[in-house]
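See below for the structure under consideration.
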Amino acid sequence: MKYKSVFDIIGPVMIGPSSSHTAGAARIGRIARNLFRREPKWMTISFYGSFAKTYKGHGTDVAIVGGILDYDTDDERIIHSIDQARKKGIKVKFHEEEAVTDHPNTARIIMGDDQGELELVGISIGGGKVEIIELNGFELKLSGHHPAILVVHDDRFGAIASVSNILAKHQLNIGHMDVSRKEKGKMALMTIEVDQPIDEAVIAEITSLPNITQVTRISD
């Protein structure tokens, strides 16, 4: 992968000890919270590879729970995040998985409440950088480092073009775009990262399009 500055190599300001195992985990958790858009009542977190072997010593467990509680990487509350979650009545469970994954620093979060659930798979790729590679069964590629929108839509002709046209009209430059579907002609997911902040008016305009089910904005 390419690094833009020395800070990408050193990693972000954070509660230590590891940019990959701590800051990256916190960011995976915070993206999950951003997508769920509220505090969950329960969470089950599965660690794979290196995460599974070292998560207690490297603080991966408290970091990912802290992210789900919406704490940033340098928030000192991360250290006690599991206790804080349980004091709020949030059920927290961890699993150490033996399955081999494509990346050694992989975590799966399943969390929810009486209104619904979210399932997310994220990887920590170094220097505090992460990628979300699966969301509710959809494959995707989301960095969490740029403004983005996730568009759930019917897999129909013209859906992608209509969303792209709205972004172009508002002079939003697309940095990365990915489309995933579980089955031809059924539900699909557009993941679009852009270079500029996304106004609520853009979200409303996309939401009003035909065949659009849900639009979620993610801030960088």
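Taken together, the values in this text are just the output of simple stated rules run on the coordinates, not laboratory data. All values reported here derive from a predicted model rather than from experimental measurement. Counting neighbours? That spans all protein chains shown, and the Cβs are built from the backbone with ideal geometry, glycine included.
Some points to look at:
- Of everything in the range 48-66 that is buried (at least 23 other Cβ atoms within 10 Å of the Cβ) and part of a helix (DSSP H, G or I), the residue that is nearest to the chain's Cα centre (by Cα) is Ile64.
- Only strands (runs of 3 or more DSSP E) whose full extent lies in the range 67-178 are considered here, and the ones with at least 1 residues that are farther than 26 Å from Gln214 by Cβ are 91-96, 105-113, 116-126, 129-135.
Here is a yes/no grid of residues against (1) touching a Ser or Thr at 6+ places or on another chain (Cβ under 9 Å); (2) among the hydroxyl-bearing types (Ser, Thr, Tyr); (3) under 22 Å from Ile31 (Cα atoms):
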{"residue": "Ile166", "(1), (2), (3)": "no, no, no"}
{"residue": "Arg181", "(1), (2), (3)": "no, no, yes"}
{"residue": "Met190", "(1), (2), (3)": "yes, no, yes"}
{"residue": "Val202", "(1), (2), (3)": "no, no, yes"}
{"residue": "Pro210", "(1), (2), (3)": "yes, no, no"}
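- Pairs, first aromatic (Phe, Trp, Tyr) in the range 58-78, second not in a loop (DSSP other than H, G, I, E, B), C-beta under 8 Å, six or more apart: Tyr71/Ala26; Tyr71/Arg30; Tyr71/Arg77; Tyr71/Ile78; Tyr71/Ser81
- The single condition from (1) farther than 28 Å from Gly112 by Cα; (2) crowded, with 19+ Cβ neighbours inside 10 Å that Gly158 fails is (2).
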